[in-house]
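Here's the structure we're looking at; comments come further down.
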Amino acid sequence: MKLSVLDQSVVAKGDTAAETFRKTVKLAQVAEELGYTRFWVAEHHNSNGMAGSSPEILISHIASSTSRIKVGSGGILLPQYSPYKIAENFNVLQTLFPGRIDLGIGRSPGGSASTRLALTDGVRKSLNEFPRQLRDLQGFLNKELPEGHPYQQVKAFPQAEDPALLWLLGITHRGARLAAEYGTAFTYGHFINPANGKRAMDTYFSQFQPSAALSEPKANVCIFVVCAKTQEEAEKLALSQDMWLLAVEKGRDTRIIPSIEAEDIQLTHVEKEKITENRKRMLVGTPEKIKEELQLLSEIYGTDEFMAITNIHGFQDKLNSYKLLAEAFGLVETL
């Protein structure tokens, strides 16, 4: 089993954005020491609790602060940007850090309608353009824009000898089908939509078409994980993640609160039901329990790589969660 990390640089209540970024870098360094395969950072906008609005800059800083682990985006919001500029950015990163950069992209609009318009500088771009943008991005990365393409003479410099591996992030079988058709790697977001994963992954593996960058299908699954030495402790730690998810979904303050504060919140019946539903997006428990559940999901999804995302308040608790997970799968000797 390969384990990787997706970090959203969520601001813990009481921290500044600067402190949050320092913790993201520290987590990447610990993940590298523990034997994790990848460390990806997310892109969010107009959110006071998610500091990572510029993954390209964070990737450069993290890659400079580590030496081996692959660093990437999970993911760049392609519909808002120019494929050419994304190709240039990631060619620079891959040239600076050869063989270590992943380019994960998503179709998400990136926030509210007004936030999206601010990102596009008022240009109303259609999400239906995503397949064309994906094709153009591949063309710029792999130097293979077709004859007659309006930008065929435009090159994305510096031209990386080995371009960053392109990953398409998806939460439906339609996204998986697109990744398969274009021959990209695929990440399924179980942490967003746990209900459609098997269909999506089956679609990807069965319909995959080789591309210039990838001859065989390559996939992983991202899932929320909270791991502790006892089930009781894990459940308590996960309360802060439960409350954070509610806040994100309701458009509230998205800084993450301590579990002890979460315990005192009076929840409505609807909110309790939502928390129960959200728990399907995560694994919470002891190392042994989570290992067993990930192995089962590995069989269902047909992949041997999972990305863990752990959004809890205490940073040491977060580090411990990743350490216990690494130990459970034998990535490192018990620390």
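If you scan region 203-236, which residues turn out to be closer than 19 Å to residue 166 by Cα and part of a loop (DSSP other than H, G, I, E, B)?
Correct list: 208, 209, 210, 211, 212, 213, 214, 215, 216, 217, 218.
Against the condition surrounded by 15 or more Cβ atoms within 10 Å (Cβ to Cβ), part of a loop (DSSP other than H, G, I, E, B) and under 21 Å from the mean Cα position of the chain (by Cα), how does residue 245 come out, does it pass?
no
Exactly one condition in (1) of a type outside the set (Asp, Glu); (2) out of contact with any Pro (no Cβ under 8 Å at 6 or more places or on another chain); (3) within 19 Å of residue 13 (Cα to Cα); (4) buried (at least 23 other Cβ atoms within 10 Å of the Cβ) is not met by residue 308; state its number.
Only one criterion in (1) of a type outside the set (Asp, Glu); (2) out of contact with any Pro (no Cβ under 8 Å at 6 or more places or on another chain); (3) within 19 Å of residue 13 (Cα to Cα); (4) buried (at least 23 other Cβ atoms within 10 Å of the Cβ) is unmet by residue 308, namely (3).
Is it true that residue 200 is open to solvent by less than 60 Å² (accessible area, probe 1.4 Å), among the aliphatic types (A, V, I, L, M), farther than 28 Å from residue 174 by Cβ and part of a helix (DSSP H, G or I)?
The answer is no for residue 200.
Determine whether region 324-335 contains at least one residue that is exposed (fewer than 14 other Cβ atoms within 10 Å of the Cβ), at pLDDT 95 or above and touching a Lys or Arg at 6+ places or on another chain (Cβ under 8 Å).
Checked against the condition, which is being exposed (fewer than 14 other Cβ atoms within 10 Å of the Cβ), at pLDDT 95 or above and touching a Lys or Arg at 6+ places or on another chain (Cβ under 8 Å), region 324-335 yields no hits at all.
All but one of (1) assigned to a loop (DSSP other than H, G, I, E, B); (2) farther than 30 Å from residue 328 by Cα hold for residue 272; which doesn't?
Exception for residue 272: condition (1).
For region 279-298, what are the residues that are surrounded by fewer than 19 Cβ atoms within 10 Å (Cβ to Cβ) and without any contact (Cβ under 8 Å) to a residue 60 or more places away in the chain?
The answer is 279, 286, 288, 289, 292, 293, 296.
Among the numbered criteria (1) touching a Leu at 6+ places or on another chain (Cβ under 6 Å); (2) farther than 13 Å from residue 322 by Cα, which one does residue 8 miss?
Status for residue 8: all satisfied but (1).
Looking at region 87-108, I want the residues that are open to solvent by 40 Å² or more (accessible area, probe 1.4 Å) and have a partner that is modelled with pLDDT of 95 or more and part of a strand (DSSP E or B) with Cβ atoms under 7 Å, at least 6 apart or on another chain. Which pairs are those?
Filtered contacts from region 87-108: 108/77.
Which one is surrounded by the most Cβ atoms within 10 Å (Cβ to Cβ) among residues in region 64-86 that are over 13 Å from the mean Cα position of the chain (by Cα) and of a type in the set (A, V, I, L, M)?
Residue satisfying both the conditions and the ranking: 86.
Taking region 1-52 as the search range and keeping residues that are open to solvent by 10 Å² or more (accessible area, probe 1.4 Å), of a type in the set (S, T, N, Q) and touching a Lys or Arg at 6+ places or on another chain (Cβ under 9 Å), which one is farthest from residue 79 (Cα to Cα)?
Residue satisfying both the conditions and the ranking: 37.
Just to be sure I understand the filter: pairs with C-beta atoms under 6 Å, separated by 6 or more residues or on different chains, first member in region 56-79 and without any contact (Cβ under 8 Å) to a residue 60 or more places away in the chain, second member assigned to a loop (DSSP other than H, G, I, E, B) and among the hydroxyl-bearing types (Ser, Thr, Tyr). Which pairs pass?
77/108
Of the numbered conditions (1) closer than 21 Å to residue 194 by Cβ; (2) out of contact with any Phe, Trp or Tyr (no Cβ under 9 Å at 6 or more places or on another chain); (3) part of a helix (DSSP H, G or I), residue 306 satisfies every one except a single condition; which is it?
Evaluating residue 306 over (1) closer than 21 Å to residue 194 by Cβ; (2) out of contact with any Phe, Trp or Tyr (no Cβ under 9 Å at 6 or more places or on another chain); (3) part of a helix (DSSP H, G or I) leaves (3) as the failure.
Across region 159-186, which residue is most open to solvent (accessible area, probe 1.4 Å) among those that are part of a helix (DSSP H, G or I) and closer than 12 Å to residue 131 by Cβ?
Here the residue is 174.
Could you tell me whether residue 319 is assigned to a helix (DSSP H, G or I), among the aliphatic types (A, V, I, L, M), farther than 26 Å from residue 176 by Cβ and over 17 Å from the mean Cα position of the chain (by Cα)?
yes
Give region 290-303 a look and list any residue that's farther than 23 Å from residue 243 by Cα and part of a helix (DSSP H, G or I), or say none.
291, 292, 293, 294, 295, 296, 297, 298, 299, 300, 301
So, in region 113-158, of the ones that are among the polar types (S, T, N, Q) and more than 27 Å from residue 173 (Cβ to Cβ), which residue ends up surrounded by the most Cβ atoms within 10 Å (Cβ to Cβ)?
115
Regarding region 124-141, can at least one residue be identified that is touching an Asp or Glu at 6+ places or on another chain (Cβ under 8 Å) and within 17 Å of residue 179 (Cβ to Cβ)?
Checking region 124-141: at least one residue is touching an Asp or Glu at 6+ places or on another chain (Cβ under 8 Å) and within 17 Å of residue 179 (Cβ to Cβ).
The values are calculated or read from the model by the stated rules, or taken from the named source; none is laboratory data. Quick caveat, the model's predicted, so the values are computed rather than measured. As a convention, Cβ positions derive from the backbone with ideal geometry for all residues, glycine included, and neighbour counts pool all protein chains shown. Quick note on the areas: whole protein, heavy atoms, side chains included, nothing else; ligands and nucleic acids left out. Shrake-Rupley method; radii C 1.70, N 1.55, O 1.52, S 1.80 Å.
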